[in-house]
Structure formats: structure tokens, C-alpha cells
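Trainee: After the C-alpha cells below, expect a handful of questions from me.
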Amino acid sequence: MKHRAAGLRAAAAMGVLALAAQAPLAAQDAASDFTMAANRALAERLDLSGGQDEAEALRGKIAEIPDGLITKADGAVVWDWRPYAFLEAADAPASVNPSLWRQARLNRIHGLFEVVPGAIWQVRGYDISVMTIVRGQSGYIIIDPLTAEETAAAAWQLAMAHLPQLPIRAVIFTHSHSDHFGGVGGIITREQALRDGIRIIAPHGFSEEAVAENVLAGTAMARRATYMFGTFLAPGPRGQIDTGLGPRLPAGTIGYMEPTETIPQSGGTVMIDGLTFDFMDAGGTEAPSEFMFYIADYKALHTAEVATRVLHNVLTLRGAQVRDPLVWSKVIDRALQKWGGVADLALASHGWPLWGNTRVQTYLAGQRDAYRYVHDRTLNRANNGATLHEVADGIADAPVQQSAFDTRGYYGTLNHNMKATYQRYFGWWDGVPAHFNPLPPAESAKRYVKLAGGPDKLLAAGKEALAAGEYRWAAELLNHLVFAEPANAAARSALASAYEQLGYQAESGAWRNYYLAGAASLRGTARTTAVSSAQSRAYIEGIPTEALFDALATRFDADKGRALRGQFQFILPDRGEHVAIEVGGGVELPRYGSRFAAPTATITIDRAALDDVTLGAATFPQLVQAGRVKIEGNVAAFGQWFALHPPFDPRFAVVEP
């Protein structure tokens with residue numbers, strides 16, 4: 001989520017922003033001889049034929065949306081496979097890691113698929129996530145209705161064109177990330193859910209995590225997400241091809257509906273439209289609120305996003321709280337021990353299913369081992385003295401990664417997952433005194449330039465590293481020069497060249513996107529057309545009021561407001577809520593549910609009006625003028641305090657100071 005100009009606007013971390021245009025530098029580089037050699041070496045080491053994975057990804061295909069094109073009512077494009085026709089080529093271009101190319105080609109397979117004859121179907125390839133449809137006794141149970149209402153509606157329309165016309169009886173949200181619940185408004189309405197008694201089932205803690213997880217850090221997460229998902233890269237062999245986990249993000253509307261029931265931490269069996277679902281808690285793995293489940297009638301195990309067709313992120317590049325690979329491994333092992341002997345099918349919230357009991361067991365064991373390897377190798381090295389940036393350097397792939405493509409680093413990587421695990425145990429500091437309080441990057445960069453003998457010499461050293469194929473070293477050198485002299489066109493171009501080669505070699509879709517987006521930012525070639533996911537009112541209404549006021553407090557300008565003191569009482573009549581905000585000593589402290597005896601000012605405003613501000617439909621001054629806000633007491637003091645909450649800049653610099 002991200003906070004926008006006039007108010008408390010929250011948007012998903014998966015939301016994207018366009019960059020301001022600047023004069024382009026040199027054109028994007030082709031793959032170098034060093035990059036081609038590295039990619040060839042990987043191709044020779046791995047069997048990159050589609051093999052069983054391709055057969056499973058194609059299995060049971062019924063139909064597809066023509067051209068993979070999904071639009072809004074006004075014609076705006078939400079999803080379109082046509083610009084990705086280049087993925088039809090069997091052989092990877094020189095500018096794409098051949099293993100990632102294989103994954104992208106599998107993720108491009110889109111349509112409606114029958115998974116269990118007459119019982120389970122999936123709609124894949126129209127979102128970063130997958131929608132699963134299960135037939136119950138009297139209707140359908142929908143699992144994870146995608147990210148956007150538009151993609152979910154198109155997926156459901158495709159399904160209903162080919163499946164029996166039955167009503168939706170239940171919706172299951174497997175976990176608290178928006179790409180698994182945001183499209184719910186595209187398949188049912190709130191009124192329909194209430195009228196028809198449609199059950200909405202989620203893991204315990206879902207409501208708190210789903211809409212509040214990224215409110216506080218949303219602006220920074222959203223900014224980094226634009227790089228991670230390559231949202232301002234054009235599709236193409238030198239641009240965006242895939243995220244690794246799934247194709248990409250849709251440009252639609254993210255919605256929300258409150259669950260009607262949640263599954264406790266203890267899990268257990270629940271009858272849903274005549275089918276018995278056996279739930280297992282998986283919170284603390286890929287999401288803080290998550291579960292897996294087994295449907296005995298179909299011998300089907302749904303692993304949510306705990307086990308997918310990739311090595312996932314212990315710490316996502318967009319930013320989040322560090323996950324626990326030890327817990328992750330143990331949860332998968334519990335699932336293997338409980339259901340491994342009976343499950344004939346494994347399916348998930350991303351990727352394609354796999355069939356056969358032996359295959360399911362091998363898959364779960366491999367996923368388990370991959371996360372355990374991340375955890376144990378990190379602690380082994382750290383306990384032998386390796387620090388944050390040493391712990392993963394040169395580490396060999398886990399043995400399972402040599403044969404099981406679903407454990408390869410297409411999204412998360414062994415490298416950054418081990419660093420994240422180190423961070424989880426030891427924090428940001430590596431224990432070296434010189435790193436405890438270093439100079440800020442821009443300041444140290446100027447001194448490095450001076451030490452190198454000036455910008456020309458540092459640039460020459462960077463170009464020498466480029467010519468030698470030492471792209472990590474080139475990036476380190478040239479990054480100092482760009483941070484010292486952001487307007488130095490030659491430095492920007494050379495650093496972009498290093499990033500491009502690193503991106504072309506990356507097996508991780510997220511790494512590739514981040515490197516190439518960084519290069520495009522430096523060159524001024526990033527797409528300037530906005531491709532964005534926006535929140536519906538239902539989503540914004542789901543954000544707890546307490547979280548909104550905590551987010552407001554992060555915007556308080558403590559330097560300018562150091563001497564300010566006051567007590568501001570907010571009353572939200574439409575929800576029967578009140579928030580008391582104490583200001584003093586450079587901080588503001590919101591107390592949800594509290595009242596002051598004699599506040600400096602009392603502000604009466606409906607939560608619906610605050611939501612208008614969050615959605616950008618109104619500004620606070622407009623609400624005052626319209627009489628939708630009542631301020632009593634010291635109005636001037638309130639105005640002074642409120643003015644000390646400037647909006648964050650959602651386009652802050654990432655690859656330059």
C-alpha cells in the first residue's frame with residue numbers, strides 16, 4: 001500500500017507508479033560475450049526441456065480468453081498477452097537467463113484447465129496468481145479469486161462458459177496477501193454474499209493482516225515494488241518477461257470482503273457444501289496469516305503459497321518483515337507427514353498442479369529441503385563467522401535444486417534468502433565496527449571519487465571492470481560515481497550497462513526486473529504511462545481506523561513540530577469510534593478508543609469521509625467547506641497540527657541520491 005498526497009491514501013505494495021521522463025541516455029545494451037557464456041554454462045548444466053512440467057502445465061486445458069485480453073468497461077487494458085508473443089520462441093534469447101526463460105514460457109500458458117474431472121478446475125495465466133474452482137454438492141467453492149476484480153470477473157466468465165451453471169456457495173482466502181483476495185468483488189457482491197449466505201473462509205488473523213500489513217511502510221514498499229515487478233519495463237527479451245512466481249501484476253481494482261468465518265490456529269475439518277476440508281495452519285511461512293488444506297474426496301492437497309513452483313522469498317525485494325525458513329520447512333514437513341501418503345494431487349495459489357502420489361511426496365520433500373537448506377546453511381556459516389554479505393556468497397545450490405525446477409530461485413533466491421535469514425537472527429549489522437555507523441551513501445561516494453583521483457579515473461575503472469565482465473564490481477564502483485555526481489551522464493550510462501548484464505544473467509524474475517528497472521531509470525527509458533492497481537472503497541473501508549491514525553503519525557514532521565503540544569479528539573459517528581491524539585516532544589500518540597476530558601480541539605468526521613480522503617475523492621479542506629467535518633475548540637491549533645503531516649513522495653529516488 002502507499003499513502004498519497006492529500007490524505008491517508010493506502011494502496012497495495014503491488015501497486016505501481018510511473019516515473020517522470022528524462023532525456024534518454026545511450027540505448028540499452030545487448031548481452032555481452034560474458035553474459036552469453038554464463039547463460040550457456042547454465043543451459044548446459046540443466047535439462048531445460050519442458051518435459052513433465054510442460055505436460056502438467058498444459059494438462060486438462062479446456063479454453064482460453066482470446067489474445068489473453070482483459071479490459072475495463074472504459075476499454076482500459078487490465079491484462080494482455082499480445083505483447084508477450086516473443087515467449088513463443090523455444091530457445092532463450094541471449095539477453096535472458098535460459099532457466100528463467102523456461103519458467104516464463106510455462107507461466108505464459110493460460111486458460112481454463114480441468115484438474116480433477118468434473119470436480120476441480122483452475123483459471124491460470126490472467127493474473128500473477130491462480131483461481132481454483134471446486135465443485136461441491138450444490139455449487140462451487142472458489143479458492144483465491146485473484147488480485148483484481150476485472151481479472152477475477154473474466155476468469156469466472158470463462159469458467160461459466162464451459163462448466164455447469166451452478167451458484168457460488170463459498171469463497172476461500174488461503175492467506176492475507178491481496179493477490180489472493182483482491183478480486184473477490186469480481187465474482188460476488190456483498191449483497192449477493194449476504195442474500196445467498198455465501199461463506200467467506202480465511203485463516204485466523206486474516207482481517208488484521210490483509211488490509212493493515214503494509215499501511216505503515218506502504219510508500220517505500222510500493223516504490224520498491226515498481227522495480228521488483230518491472231512495472232515500468234516494456235515487455236520484451238531485454239525487458240519484462242515474468243516475475244518467476246507468475247507472469248506479472250494486473251492493472252485492475254483491488255477489493256476486499258470481510259470473512260464470515262476463520263479457521264483457528266489448531267486447524268481442523270470443516271464441511272463446505274458437502275465436502276470435508278482438513279485445514280492446517282501455516283501462519284508465519286509465506287504470510288503471517290495462512291493455511292493449507294486437504295480435500296479427501298478428491299485426494300487433493302492445496303498448498304496455498306507455502307509450496308509453489310519456485311523457491312519463494314524469505315524477504316521479498318519490495319520489503320516486508322523477514323519470514324522464518326525454519327518454520328516454513330517444518331510446516332511443509334508436517335503436511336508431508338500428514339497427507340503425503342494419501343494425496344494424489346498437489347495444487348497451489350501460483351503455478352500449475354502436479355499429479356500422482358509419488359510426485360506429490362517428492363515435491364513436498366524438495367520444497368521442505370530447500371527452505372531447510374536456506375536456514376541451516378545460513379546459521380552454519382554465521383556461526384563460523386560469516387557476516388551478512390559473506391554468508392551467501394559462493395554458496396552452492398541445494399542438492400534438490402539440481403533436479404527439481406520448482407525449487408530453483410525464480411522468485412526468491414538462495415542468495416538473498418540466506419541474507420534475510422542472517423538478518424532475522426542477527427539484524428542489519430554484521431558485527432564489524434566500521435559498519436556500525438558509516439557515512440551516508442552520497443557522502444561516502446564523494447570521498448571515494450576523491451580517493452580514486454577524480455570522476456574520470458573512477459569512471460575508467462568502472463569501464464575496465466565492465467570490459468572484463470566483472471559486473472558486480474563495476475556496479476559497486478560506478479554506483480559511487482552516480483551517487484557523488486547524479487547528473488554525470490557517462491557514469492549513469494556505464495552503471496546502467498552493468499545492471500543490464502546482471503539482469504540478463506539473473507535466474508530470478510524479481511532480480512532481473514530490479515536490475516533492468518534500475519538501468520531504465522538511469523537511462524531515462526522507463527515507461528512513463530501509469531500501469532496501476534487501485535483499491536476499491538471496500539478495500540479502504542477494511543483498513544482498521546487505528547491503523548489509519550498510526551499511519552498518519554508516521555507523517556508527522558517532528559522537526560517542525562518539536563515545540564507543538566496539544567490534544568486532538570477525533571470522533572467518527574458512523575462507526576461509533578473515537579481516537580485521542582496526544583502531541584508533544586516531537587511525537588504524536590494516537591490512542592484508539594480513548595477520550596480526553598478537555599481536548600485542544602475536537603474533530604467530528606464520519607469514517608466514510610476519511611475514506612474519501614484516502615481514496616483521493618476529497619481533501620480535508622474540501623470536507624470542511626462541505627460541512628462534513630465539525631471542528632470545535634482551538635481551530636487554529638488543529639490547523640497548525642494538521643499542516644505538519646506532509647504527504648510522502650511516492651517517486652523517491654532509488655538508484656540515485
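Trainee: Are there any strands (runs of 3 or more DSSP E) wholly within region 506-612 with 1 or more residues that are within 22 Å of HIS645 (Cβ to Cβ) and open to solvent by 40 Å² or more (accessible area, probe 1.4 Å), and if so which? Talk me through it step by step, then tell me what you get.
Mentor: On the way: elements: 566-572, 577-584, 587-592, 601-605.
Qualifying strands (runs of 3 or more DSSP E): 566-572, 577-584, 587-592.
Trainee: Related question: Within region 524-558, can you find the residues that are closer than 22 Å to VAL635 by Cα and out of contact with any Leu (no Cβ under 7 Å at 6 or more places or on another chain)?
Mentor: Correct list: PHE549, ALA553, ARG555, ALA558.
Trainee: Go through VAL391, VAL322, VAL374 for me and flag whichever is β-branched (Val, Ile, Thr) and without any contact (Cβ under 8 Å) to a residue 60 or more places away in the chain.
Mentor: Of VAL391, VAL322, VAL374, the one residue that is β-branched (Val, Ile, Thr) and without any contact (Cβ under 8 Å) to a residue 60 or more places away in the chain is VAL391.
Trainee: Residues of region 486-500 being open to solvent by 10 Å² or more (accessible area, probe 1.4 Å) and either touching a helix residue (DSSP H, G or I) at 6+ places or on another chain (Cβ under 6 Å) or assigned to a helix (DSSP H, G or I) (or both), which ones?
Mentor: ALA489, ALA490, ARG492, SER493, SER497, TYR499
Trainee: Here's another thing I want to ask about it. Could you count how many residues in region 568-619 are polar (S, T, N, Q) and under 14 Å from ALA547 (Cβ atoms)?
Mentor: Counting residues in region 568-619 that are polar (S, T, N, Q) and under 14 Å from ALA547 (Cβ atoms) gives 1.
Trainee: A further question follows. Quick one: GLU209 ticks every box in (1) within 16 Å of the chain's Cα centre (by Cα); (2) under 22 Å from PRO247 (Cα atoms) bar one, so which box is it?
Mentor: Only one criterion in (1) within 16 Å of the chain's Cα centre (by Cα); (2) under 22 Å from PRO247 (Cα atoms) is unmet by GLU209, namely (2).
Trainee: State the number of residues belonging to region 366-403 that are within 29 Å of ILE128 (Cβ to Cβ) and open to solvent by less than 20 Å² (accessible area, probe 1.4 Å).
Mentor: Residues in region 366-403 being within 29 Å of ILE128 (Cβ to Cβ) and open to solvent by less than 20 Å² (accessible area, probe 1.4 Å): 10 in total.
Trainee: Of the conditions (1) on the phi > 0 side of the Ramachandran plot; (2) in a helix (DSSP H, G or I), GLY469 satisfies every one except a single condition; which number is it?
Mentor: (2)
Trainee: Mind checking which residues of region 77-103 are in a helix (DSSP H, G or I), within 26 Å of the chain's Cα centre (by Cα) and surrounded by fewer than 17 Cβ atoms within 10 Å (Cβ to Cβ)?
Mentor: Within region 77-103, ARG82, PRO83, ALA85, PHE86 qualify.
Yes or no, residue by residue, for (1) closer than 18 Å to LEU249 by Cβ; (2) in contact with an Asp or Glu (Cβ under 9 Å, 6 or more places away or on another chain); (3) β-branched (Val, Ile, Thr):
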position: GLU507; (1), (2), (3): no, no, no
position: LEU516; (1), (2), (3): yes, yes, no
position: SER521; (1), (2), (3): no, yes, no
position: THR525; (1), (2), (3): no, no, yes
position: ILE540; (1), (2), (3): no, yes, yes
position: ALA547; (1), (2), (3): no, yes, no
position: ALA553; (1), (2), (3): no, yes, no
position: ASP557; (1), (2), (3): no, no, no
position: LYS560; (1), (2), (3): no, no, no
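Trainee: Please indicate, with yes or no, whether at least one residue in region 109-124 is touching a His at 6+ places or on another chain (Cβ under 9 Å), assigned to a loop (DSSP other than H, G, I, E, B) and within 22 Å of VAL310 (Cα to Cα).
Mentor: no
Trainee: Out of the residues in region 428-462 that are of a type in the set (D, E, K, R) and in contact (Cβ under 8 Å) with a residue 24 or more places away in the chain, state the one that is least open to solvent (accessible area, probe 1.4 Å).
Mentor: The selected residue is ASP430.
Trainee: Further question: Could you please find all residues in region 307-354 being within 22 Å of PHE113 (Cα to Cα) and not small (Gly, Ala, Ser)? Show your work before the answer.
Mentor: Filtering region 307-354 down to residues within 22 Å of PHE113 (Cα to Cα) leaves 307-310, 343-354.
If the condition is that a residue be within 22 Å of PHE113 (Cα to Cα) and not small (Gly, Ala, Ser), then THR308, ARG309, VAL310, ASP344, LEU345, LEU347, HIS350, TRP352, PRO353, LEU354 are the ones that fit.
Trainee: Another question, then. I'd like the residue in region 613-643 that is touching a residue at least 60 places away in the same chain (Cβ under 8 Å) and in a helix (DSSP H, G or I) and, out of all such residues, is surrounded by the most Cβ atoms within 10 Å (Cβ to Cβ).
Mentor: Among those that are touching a residue at least 60 places away in the same chain (Cβ under 8 Å) and in a helix (DSSP H, G or I), it is THR614.
Trainee: If I ask for residues that are part of a helix (DSSP H, G or I) and either surrounded by fewer than 16 Cβ atoms within 10 Å (Cβ to Cβ) or in contact with a Lys or Arg (Cβ under 6 Å, 6 or more places away or on another chain) (or both), which ones from region 43-76 would you list?
Mentor: Of everything in region 43-76, those that are part of a helix (DSSP H, G or I) and either surrounded by fewer than 16 Cβ atoms within 10 Å (Cβ to Cβ) or in contact with a Lys or Arg (Cβ under 6 Å, 6 or more places away or on another chain) (or both) turn out to be GLU44, ARG45, GLY51, GLN52, GLU54, ALA55, LEU58, PRO66, ASP67.
Trainee: When residues of region 271-285 are filtered for being open to solvent by less than 20 Å² (accessible area, probe 1.4 Å) and touching a strand residue (DSSP E or B) at 6+ places or on another chain (Cβ under 7 Å), how many remain?
Mentor: 5
Trainee: Among the residues of region 310-321, are any closer than 30 Å to GLU191 by Cα, surrounded by fewer than 24 Cβ atoms within 10 Å (Cβ to Cβ) and not charged (D, E, K, R)?
Mentor: Checked against the condition, which is being closer than 30 Å to GLU191 by Cα, surrounded by fewer than 24 Cβ atoms within 10 Å (Cβ to Cβ) and not charged (D, E, K, R), region 310-321 yields no hits at all.
Trainee: Give, as residue ranges, the helices (runs of 4 or more DSSP H) completely inside region 143-262 that count at least 2 residues that are under 20 Å from GLY284 (Cα atoms) and open to solvent by 10 Å² or more (accessible area, probe 1.4 Å).
Mentor: Qualifying helices (runs of 4 or more DSSP H): 206-212.
Trainee: Spot the failing condition for GLY268; the list is (1) surrounded by fewer than 23 Cβ atoms within 10 Å (Cβ to Cβ); (2) in contact (Cβ under 8 Å) with a residue 12 or more places away in the chain; (3) not hydrophobic (A, V, I, L, M, F, W, C), and only one is missed.
Mentor: Failed condition: (2).
The values are calculated or read from the model by the stated rules, or taken from the named source; none is laboratory data. Just so we're clear, the structure is a prediction, and the values are computed from it rather than from any experiment. Here Cβ is always computed from backbone atoms with ideal geometry, including for glycine, and neighbour counts include all displayed protein chains. When the accessible area is computed, the model is the full protein with side chains, heavy atoms only, and any ligands, DNA or RNA have been set aside. Shrake-Rupley method; radii C 1.70, N 1.55, O 1.52, S 1.80 Å.
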